[in-house]
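Everything on this sheet refers to the single structure shown next.
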Amino acid sequence: MTEHGPTGIGRRQFVQAGAATGAALLGGGSGAMAAESTDPATAKGMSAEDVVKLLDLQPNATCGFVRVTFTSPLSIAPGGLPPPFANGRPLGSALYFLVTPTAPVRLHRIRNDQLYHFYLGDPIEVFMLHGDGGVERAVVGPDLRGGQKVQLHIPGDTFHTARLLGDGRWFLGGSTEWPGVVPAEDVEIGDLDALAAEYPSAAADMRAIAASVRDVVPPGGPR
């Protein structure tokens with residue numbers, strides 16, 4: 001790279017301009033881009049119904065409204081992984097999911113490690129019931145300064161449930177899983193009474209989330 005490009009801007013000025021732009025984006029500076037970055041739903045004025053229609057989401061037994069967007073065409077052969085995946089799995093899978101006040105993430109677990117991603121909308125609070133008896137609460141959403149996460153790792157075999165935070169209207173996120181999920185073998189709906197007894201500190205939250213369920217298909221329906 002030469003000191004001056006074809007526009008006549010020197011290297012120093014170019015670097016300074018880039019730094020100023022980055023500071024504005026990350027630091028809440030003025031301008032349209034900074035304004036958009038502070039809006040949790042950059043799809044302004046959209047409803048949950050709009051998102052469902054635009055992304056072709058379907059009611060789901062565990063995660064509100066869902067569309068599987070990717071299942072790897074490559075597979076790990078039987079015997080290539082330890083139990084519970086010893087009969088083979090796709091390398092990975094991914095999906096969209098939409099949470100509303102009446103379509104939360106129901107109490108369930110999958111065998112596979114998964115990563116939640118925040119895309120648009122309002123934050124959700126996630127309750128993870130760990131095998132050692134501990135309960136972990138995390139908020140997935142856009143407020144990084146407030147401690148919210150735009151990615152959340154949920155270890156395989158971890159029962160979890162989630163709902164919108166406060167007066168939130170909808171949350172659009174993604175989940176990626178590895179190895180890829182085979183729903184009939186990897187997804188398990190949680191026994192609310194048994195888990196409430198085992199994790200009493202989260203019992204009231206689990207029961208409140210379960211009581212809010214309206215817009216989902218019955219357990220055993222499509223992933």
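Every number here is computed from the coordinates shown, using simple stated rules; none is lab data. On a predicted model such as this, the values are computed, not experimentally measured, just so you know. Virtual Cβ from ideal backbone geometry, glycine too; neighbours counted across all protein chains shown.
Data table
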quantity	calculated
The listed residue being more than 30 Å from SER75 (Cα to Cα) and surrounded by fewer than 17 Cβ atoms within 10 Å (Cβ to Cβ), out of ASP113, ASP191, ASP122	ASP191
Qualifying positions in segment 93-110 - closer than 27 Å to ARG145 by Cα and surrounded by fewer than 18 Cβ atoms within 10 Å (Cβ to Cβ)	PRO101
The one condition in (1) closer than 25 Å to GLY166 by Cβ; (2) touching a Lys or Arg at 6+ places or on another chain (Cβ under 6 Å) that ILE76 fails to fulfil	(1)
Selection count where residues are touching a strand residue (DSSP E or B) at 6+ places or on another chain (Cβ under 6 Å) and of a type in the set (A, V, I, L, M, F, W, C), scope segment 54-82	8
Single condition PRO84 does not satisfy, out of (1) surrounded by 14 or more Cβ atoms within 10 Å (Cβ to Cβ); (2) touching a helix residue (DSSP H, G or I) at 6+ places or on another chain (Cβ under 9 Å)	(1)
Segment 109-137: number of residues that are small (Gly, Ala, Ser) and farther than 30 Å from LEU81 by Cα	1
